[in-house]
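The values are calculated or read from the model by the stated rules, or taken from the named source; none is laboratory data. It should be emphasised that the depicted structure is a prediction, and the values quoted were computed from it without experimental measurement. For neighbour counting, all protein chains shown are included, and Cβ atoms are generated from backbone atoms with ideal geometry for every residue, glycine included. These area figures cover heavy atoms from the full protein model, side chains too; ligands, DNA and RNA do not enter into them. Shrake-Rupley method; radii C 1.70, N 1.55, O 1.52, S 1.80 Å.
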Amino acid sequence: QTGDRIGVLCRNHHGLIETIVAATVLGVDAVLVNTGLSAAQLATVTEEQRLRVLVHDDEFAERVVALPAELPRVDERAREELVAGALPGDLHPPERDGRIIVLTSGTTGAPKGARRPTPNGFGPLVSIIDRIPLHTRDRVMIAAPIFHTWGFAALQVCFALRATIVLHRRFDPAATLAALVTHRCDALFAVPVMVQRLMEVPPPDPRPALKVVAVSGSALPGGLATRFMDVYGDVLYNLYGSTEVSWASIAGPAELRAAPTTAGRPPHGTRVRILDAAGQPVPDGQVGRIFVGNEMLFEGYTSGGARESRDGLLDTGDLGRLTADGLLFVDGRADDMIVSGGENVFPSEVENLLAQLPQVREVAVIGVPDEEYGQRLAAFLALHPGETLDPDAVREYVRHYLARFSVPRDVVFVKYLPRNATGKVLTRELRRYYG
């Protein structure tokens, strides 16, 4: 009924989109469930979001078995039967608009539900195409998970532009490249780790005639932007934002060429301010808390909580700085910054440096407890097949470019970094190395 909530546990395919649209028509809130949640997390989300129905792909059948017996489940066969058996007749506007609820990524804890506003005009679309040159009737492949804010934003943009949408249930770099060529795609929406994976397979011949590769969801590793554009052309656009603030800034190819780690500039209708702990603006180039204002700020968490706001600007939870010419740089999460021996250290700075080593496939740097210094840096590196590195060589490399307190005391080699379904590194999994 109007006002109820349904859960949607689906990968990228037509059934997911049909379910979202159906919920909207009914005035029902659709909770987009992260496909990477464990059975226990799924049970928590079901209870906290008060779901009345769960629509799910068949592959998740075992994961939903432990949910309360009274919760109706709609698998793929049942969904198609509902579509086929729909009664004819006119549709009427619901008493209330259905809301989309996106779960936060939950890399450090349980995911929270964030109520997404419904655009009431073309302002949000203008903000995106102000900096990313998308056009009506483009052919767009959405590789980013649609249950994630970025993938869902891509879907909304495609609807508004009357675009043809290409979807794969799972991301595979070779299959993605082939589909881009076969379907003559103009644009690709992805998360940074997908771009990294595309660089690990030979480019097809002919190469995709892409005009736009738009990424968001996590930081671009150091050097990846220029390496990718050297192969596929100057088509990369990096959007910095979050579930709570939607977008904050967008970096285009020219900006990424000049400064590969920049988050770019705020698009049309967006304000970005860097504030200190007291809420006062900091000078250009000085690190502070990033606050953002636009017309798509989230409406609060479904649990009733909210983010700190000042003068219509919402706290992103990130630290960063603005240059004199307006470029934004993100130094990392406020809770990721560590204090080692009295010095403020940003793990992202060390990550970007280590990512430039040719032997390194992926890297994560985190803070861990230290009896002498309070905290210290630990670097986790996954190397390309057949490559080797010495821990002392890694430390010496960092020491050559950064301050002494930025040198990771611990260098741990792993086969791969644990990531969630949107490509973000699960730092809580890395901290398990330390008990």
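A simple charge model with +1 on the Cβ of Lys and Arg, -1 on the Cβ of Asp and Glu and nothing else charged puts the dipole of the stretch 69-141 at about 400 debye relative to its Cα centre. Each of Val28, Ala379, Gly279 was scored by the projection of its Cα onto the charge dipole of the chain, and the greatest displacement toward the positive side belongs to Val28; charges sit on the C-beta of Lys, Arg, Asp and Glu.
Ordered by 1.4 Å accessible area with all protein chains kept, Ser303, Ser242 run largest first as Ser303, Ser242.
Sparsely packed loop sites in the stretch 81-158 (the trypsin sites (Lys or Arg not before Pro) outside DSSP H, G, I, E and B with at most 16 other Cβ atoms within 10 Å) comprise Arg96, Arg137.
Here the Karplus curve 6.51 cos²θ - 1.76 cosθ + 1.60, taken at θ = phi - 60°, turns the phi angles of the stretch 162-172 into couplings of 6, 7, 7, 10, 10, 10, 10, 5, 10, 7, 9 Hz, with x standing for Gly and Pro.
Around the amide H of Ala114, modelled in the peptide plane, lie the amide H atoms of Val102, Leu103, Thr104, Thr302, all under 5 Å away and 5 or more residues distant in sequence or on another chain.
Dipole size of the chain about its Cα centre, with +1 on Lys/Arg Cβ and -1 on Asp/Glu Cβ: approximately 420 debye, rounded to the nearest 20.
Leaving out ligands and nucleic acids, note down the accessible area per residue over the chain with a 1.4 angstrom probe, in whole Å². Intermediate results must be reported in sequence, preceding the final value.
Working: 20080 Å² over 435 residues.
I get 46 Å² per residue for the chain.
3J(HN,Hα) along the stretch 334-339: 4, 7, 8, 4, 10, 10 Hz, from the Karplus curve 6.51 cos²θ - 1.76 cosθ + 1.60 with θ = phi - 60°, whole Hz, x for Gly and Pro.
If we count GluC sites (Glu not before Pro) as exposed when they sit in a DSSP loop and have at most 15 other beta carbons within 10 Å, what is the longest stretch of the chain that avoids them all? Numbers along the way, then the final one.
Working: sites that count: Glu70, Glu95, Glu200, Glu295, Glu299, Glu308, Glu371, Glu372, Glu387.
The longest uninterrupted stretch comes out as 96-199.
State which stretch of the chain is the longest one without any exposed chymotrypsin sites (Phe, Trp or Tyr not before Pro), exposure meaning a DSSP loop state and at most 12 other Cβ atoms within 10 Å. Write out the running numbers ahead of the final one.
Numbers: sites that count: Phe122, Tyr416.
For chymotrypsin sites (Phe, Trp or Tyr not before Pro) (loop position, at most 12 other Cβ atoms within 10 Å), the longest site-free span of the chain is 123-415.
Kindly provide the trypsin sites (Lys or Arg not before Pro) of the stretch 377-435 that DSSP labels as loop, not H, G, I, E or B, and whose Cβ sees at most 12 other Cβ atoms within 10 Å. Walk me through the numbers on the way to the answer.
Working: sites: Arg395, Arg399, Arg404, Arg409, Lys415, Arg419, Lys424, Arg428, Arg431, Arg432; in loops: Arg409, Lys415, Lys424.
Of the trypsin sites (Lys or Arg not before Pro), the ones in loops of the stretch 377-435 whose Cβ has at most 12 other Cβ atoms within 10 Å are Lys415.
Using a/c under 1.5 as the rounded threshold, could you call the stretch 246-293 rounded, prolate or oblate? The axes a ≥ b ≥ c are square roots of the C-alpha gyration tensor eigenvalues, and prolate needs a/b larger than b/c, oblate otherwise. Oblate, because a/c is 1.5 or more while a/b does not exceed b/c.
Could you tell me what percent of the accessible area of the chain is made up of carbon and sulfur, with a 1.4 Å probe and every protein chain present?
Numbers: 10350 of 20080 Å².
So the carbon and sulfur contribution to the accessible surface is 52 percent.
Under 5 Å between amide hydrogens, built in the peptide plane, is the criterion, and for Gly27 it picks out Gly98 among residues at least 5 positions away or on other chains. Computed with a 1.4 Å probe over protein heavy atoms only, the accessible area of Ile290 comes to about 0 Å². For the Cα atoms of the chain, what angle does the longest principal axis make with the long axis of helix 14-26, in degrees from 0 to 90, nearest 10? The helix 14-26 is inclined about 60 degrees to the chain. Less than 5 angstrom separates the built amide H of Arg376 from those of Val368, Asp370, all sequence-distant by 5 or more or on a different chain. Between the alpha-carbon centres of the stretch 246-265 and the stretch 54-121 there is a gap of 34 Å.
Within the straight-line cut-off of under 20 Å between alpha carbons, the aspartates and glutamates reachable from Lys415 are Asp172, Glu200, Glu351, Glu362, Glu387, Asp390, Asp392, Glu429, sequence neighbours fewer than 8 places apart in one chain being disregarded. Kindly provide the helix-only [θ] at 222 nm of the chain, computed as the sum of -39,500 (n - 2.57) over DSSP H runs of four or more divided by all residues, to the nearest 500 deg cm²/dmol? Calculated mean residue ellipticity at 222 nm is -7000 deg cm²/dmol. Straight-line cross-link partners of Lys112 among the lysines, defined as a Cα under 29 Å from its Cα and at least 8 positions apart when in the same chain: Lys424.
Per residue, how big is the convex hull of the stretch 49-120 when only Cα atoms are used? Give it in Å³. Walk me through the numbers on the way to the answer.
On the way: hull volume 11.7 nm³, N = 72.
Taking only Cα atoms, the stretch 49-120 has a hull volume of 162 Å³ per residue.
The charge dipole of the stretch 231-375, taken about its Cα centre with unit charges on the Cβ atoms of Lys, Arg (+1), Asp and Glu (-1) only, comes to about 520 debye. Excluding Glu362 itself, calculate the net charge of residues whose Cβ lies under 13 Å from the Cβ of Glu362, where each Lys or Arg counts +1 and each Asp or Glu counts -1. Summing Lys and Arg as +1 and Asp and Glu as -1 gives +2.
Here's the picture: charge each Lys and Arg Cβ at +1 and each Asp and Glu Cβ at -1 in the stretch 52-136, and of Leu134, Pro93, Leu67 the one pushed furthest to the positive end of that dipole is Leu134.
Hull volume per residue, based on the alpha-carbon atoms of the chain and their convex hull, is 162 Å³.
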